[in-house]
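The next block holds one structure in the form of structure tokens; read it before the comments.
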Amino acid sequence: MDSARDRIRTASRLVVKVGSSSLTTPQGTIDVDRVDALVDVLAARRKAGTQVVLVSSGAIAAGLGPLGLSARPRDLATQQAAASVGQGVLVARYTSSFARYGLRVGQVLLTADDMMRRSHHVNAQRTLGRLLELGIVPVVNENDTVATDEIRFGDNDRLAALVAHLTHADALVLLSDVDALYDGDPRRPGARRLGDVRGPEDLVGVELGKGGAVGTGGMVTKVQAARIATGAGVPVVLTAAAHAAQALAGADVGTYFHPDGRHPGTRLLWLAHATTGRGRLHLDSGAVDAVVERRKSLLPAGVTAVEGEFAAGDPVDLCGPLGRVVARGLVNFDAGEIPGLLGRSTRELAASLGPEYERELIHRDDIVILESHH
Ligand SMILES: Nc1ncnc2c1ncn2[C@@H]1O[C@H](COP(=O)(O)OP(=O)(O)O)[C@@H](O)[C@H]1O
Ligand SMILES: N[C@@H](CCC(=O)OP(=O)(O)O)C(=O)O
């Protein structure tokens, strides 16, 4: 037994994500035996007192057979139609499979916007928390039928990581059709399993390939998900659905991503990973230095231009003089108010516009520096 992995074995709240390829047949129907095998493992853990959130993909894949489609459609409307049919079938299957153990499931469909808008985010958090208190196993998926291409996660890996930090889970388990992360395509002879990933340095030279015929993100989104979760202090294990029991028991299977010890507040993680900027503020180099290096609030005097339509409280991207996004923050003013403030000191603004304008454009507690800056 690996002691780091004790965090999986002893977790009192777990998020388990399972990919499409582990649940469905190549014919586009649910693989009942594999669903039951997964539920056997999750129900046993639930019975042992652990709260379990299941993030399940497979809606689109499970809708293919019923719609007479032989491959995953490329266009969004048909994918949504397949998801609409498949999601019902999938949840019906989970409902009866968990019922074998006297356990109930609750369907939770989330959009990227539910993670992005603070009010929705808090609402989703409350719903999931209440379901868990009531002893229900939430079955989460993206709300594929309403998500458009621009706002869609597409893969459930990052969604699962956000759910893990939303629910303050103790660990995240990513179950796929491959038993671990390898240093290259696992079908290639000589590919080596990575047993532990302690930080980005362990991923140098690792080829993150695409997923299979029904999966979407491949290893890229799994590694991104692991980064989001470990950055929030949540350990992650990635393995095959067939090894779920060993993974949950803390055995040395798959790849273990060690939490990196930083615990930024939930709000900043949400801001960095779950939002997209509704607009942009262009900063002069002095303001970039103040915000990024010295972690100061952003004042109107350092902003040279504003782009986009946003309201006070929205996330906006902060760009340096070369247009590169360096940070994201929750802005204190509507887009329309800002041009009149630019380049002016807060004292001057207060004198001419009133004391409510003696505020920073973005408070330093509401700013997250984006990794791409480094
Ligand atoms: N470096 C790698 N290590 C492991 N698997 C990889 C790697 N590169 C690509 N893959 C592929 O990623 C696939 C899993 O991703 P995906 O199909 O999106 O799964 P899921 O449906 O479970 O989300 C595996 O079948 C594997 O062939
Ligand atoms: N929400 C989609 C997820 C799409 C998908 O394929 O995800 P994954 O198998 O996790 O790479 C579905 O249920 O079909």
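Below are the figures for this structure:
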{"read-out": "Unmet criterion (only one of (1) assigned to a loop (DSSP other than H, G, I, E, B); (2) at pLDDT 95 or above) for A245", "value": "(1)"}
{"read-out": "Selection count where residues are away from ligand 2 (no atom under 15 Å from the Cβ) and either in contact with a strand residue (DSSP E or B) (Cβ under 7 Å, 6 or more places away or on another chain) or under 21 Å from R45 (Cβ atoms) (or both), scope the range 139-192", "value": "12"}
{"read-out": "Criterion (closer than 18 Å to R267 by Cα and touching a residue at least 40 places away in the same chain (Cβ under 8 Å)) met by exactly one of D317, D365", "value": "D317"}
{"read-out": "Of all residues in the range 283-340 being of a type in the set (D, E) and surrounded by 13 or more Cβ atoms within 10 Å (Cβ to Cβ), the one that is modelled with the lowest pLDDT", "value": "D314"}
{"read-out": "Any hit, the range 62-70, residues being farther than 19 Å from D36 by Cβ and in contact with an Asp or Glu (Cβ under 8 Å, 6 or more places away or on another chain)", "value": "no"}
{"read-out": "Subset of the range 330-374 (residues that are part of a loop (DSSP other than H, G, I, E, B) and of a type in the set (V, I, T))", "value": "V331, I338"}
{"read-out": "Residue match in the range 3-11 (condition: out of contact with any Gly (no Cβ under 9 Å at 6 or more places or on another chain) and either of a type outside the set (A, V, I, L, M) or in contact (Cβ under 8 Å) with a residue 60 or more places away in the chain (or both))", "value": "yes"}
{"read-out": "The range 159-169, subset crowded, with 24+ Cβ neighbours inside 10 Å and either within 12 Å of ligand 1 (Cβ to nearest atom) or hydroxyl-bearing (S, T, Y) (or both), residue modelled with the lowest pLDDT", "value": "L159"}
{"read-out": "Within the range 173-202, considering residues that are assigned to a loop (DSSP other than H, G, I, E, B) and touching a Pro at 6+ places or on another chain (Cβ under 9 Å), the one modelled with the lowest pLDDT", "value": "V178"}
{"read-out": "Subset of the range 81-113 that is part of a helix (DSSP H, G or I) and without any contact (Cβ under 8 Å) to a residue 12 or more places away in the chain - its residue that is nearest to T167 (Cα to Cα)", "value": "T95"}
{"read-out": "G28 being over 23 Å from the mean Cα position of the chain (by Cα) and farther than 26 Å from M219 by Cβ", "value": "no"}
{"read-out": "Per-region count, the range 12-41, residues assigned to a strand (DSSP E or B) and in contact with a Gly (Cβ under 8 Å, 6 or more places away or on another chain)", "value": "3"}
{"read-out": "Residue selected from the range 210-224 under the condition more than 9 Å from ligand 2 (Cβ to nearest atom) and touching a Phe, Trp or Tyr at 6+ places or on another chain (Cβ under 9 Å), by the criterion modelled with the highest pLDDT", "value": "V223"}
{"read-out": "Criterion (over 18 Å from L23 (Cα atoms) and either within 16 Å of ligand 2 (Cβ to nearest atom) or in the same structural domain as V316 (by TED's automatic domain parsing) (or both)) met by exactly one of L110, L132, L90, L128", "value": "L110"}
{"read-out": "Criterion: over 20 Å from D284 (Cβ atoms), assigned by TED's automatic domain parsing to the domain that holds V288 and not β-branched (V, I, T) - qualifying residue of E348, E337, E356", "value": "E356"}
{"read-out": "Out of A71, A77, sole residue that is over 21 Å from P138 (Cβ atoms), within 24 Å of the chain's Cα centre (by Cα) and either among the hydroxyl-bearing types (S, T, Y) or surrounded by fewer than 18 Cβ atoms within 10 Å (Cβ to Cβ) (or both)", "value": "A77"}
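To keep it simple, each residue is scored yes or no on (1) modelled with pLDDT of 95 or more; (2) surrounded by fewer than 23 Cβ atoms within 10 Å (Cβ to Cβ); (3) basic (K, R); (4) within 20 Å of L76 (Cα to Cα).
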{"residue": "V122", "(1), (2), (3), (4)": "no, yes, no, no"}
{"residue": "T127", "(1), (2), (3), (4)": "yes, yes, no, no"}
{"residue": "D144", "(1), (2), (3), (4)": "no, no, no, yes"}
{"residue": "R152", "(1), (2), (3), (4)": "no, yes, yes, yes"}
{"residue": "A171", "(1), (2), (3), (4)": "yes, no, no, no"}
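The values are calculated or read from the model by the stated rules, or taken from the named source; none is laboratory data. Since this is a predicted model, take the numbers as computed values, not measurements. Note that we place each Cβ from the backbone using ideal geometry, even for glycine, and neighbour counts take in every protein chain shown.
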